[in-house]
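Right, one structure below, let's go through it.
The values are calculated or read from the model by the stated rules, or taken from the named source; none is laboratory data. Bear in mind that the values here come from a model prediction, so they are computed numbers and not experimental data. All Cβ positions, even for glycine, are placed from backbone atoms using ideal geometry, and neighbour counts span all protein chains on display. Quick note on the areas: whole protein, heavy atoms, side chains included, nothing else; ligands and nucleic acids left out. Shrake-Rupley method; radii C 1.70, N 1.55, O 1.52, S 1.80 Å.
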Amino acid sequence: MVGVRQFDEDEMIATALDVFWRKGLHDATMQDLAAATGVQRGSLYNAYGDKEAIFLRAFDQYAAQFLDAAGSALAQGDTAARLRGFFDMIIVNMTDGTPQRGCLTTRTALDAAISSADVRQRVQDVLTRLEQLVGKAISATPNRRSTADASRLARVIVTFTRGLAVMERAGYSRKQLRESATTFIDAVIGDA
């Protein structure tokens, strides 16, 4: 039938996400996407328009899952426990797979200078929402920090997660990343 997709869109987007995660937006090709998904390039063009449109759909799926996982990790225990759970989720997320996948948000942010405004906005939206989740978790501890202080600290914490992503790409192990996160939490939370 004309106009009816002959493939499972959710499965195709999930597979495309894996391609983009491994190769990055700019290094992945439509041929890579066609080969991985089993959907012909012409069908991909007809369904989505171009590679960036597929990327945006895949990135949106990733962002929703990532932010849900972050929110769950930040909802458990006192401030230190929330941050430990959050950092552990971040570290596991970027060190999963063989080879390790790294952080899709950071990889995309590093490519943002050569990406469209839509891609840059998606990355900024994810980081802003992540800051909001972290700020909410920090300010939820009674009599600890004002909302403004929690928001500023949340930005520092999210900035640190980007540093962890770079360190992972440089070859630091999951154990080393966890040690860095623990030291960071101790320094930031201290006696707060």
FRET efficiency, Asp125 to Asp8 (Cβ-Cβ, R0 41 Å, nearest 0.05)
0.95
With everything on Cα atoms, drop me the angle between helix 9-23 and the longest principal axis of the chain, reported from 0 to 90° to the nearest 10.
70 degrees
Stokes-Einstein D in µm²/s, Kirkwood radius over Cα pairs - the range 118-189 at 4 °C with 1.567 mPa s viscosity
97 µm²/s
Please list, in chain and number order, the residues 5+ apart from Arg101 or on another chain whose amide H is under 5 Å from its amide H, with Hs placed from the backbone.
Asp96
Using only the alpha-carbon atoms, how far is helix 79-95 inclined from the longest principal axis of the chain? Give it as 0 to 90 degrees, nearest 10.
30 degrees
With Rh as the Kirkwood radius over Cα pairs, the range 1-146 has Rg/Rh of 1.06
Using only the Cα atoms of the range 26-73, construct the convex hull and provide its projected area averaged over every direction, in square nanometres to one decimal.
3.9 nm²
Report the gain in length on full extension from Asp60 to Val166: 0.36 nm times residue separation, minus Cα-Cα distance, nm rounded to one decimal.
35.9 nm
Send over a whole-number figure in Å² for the accessible area per residue of the chain, probe 1.4 Å.
53 Å²
Give me the one-decimal nm value for the distance between modelled label points at Ser116 and Gln40, 7 Å along each residue's Cα-to-Cβ direction.
2.5 nm
Roughly speaking, to the nearest percent, how much of the range 28-115's 1.4 Å accessible area is carbon and sulfur?
48 percent
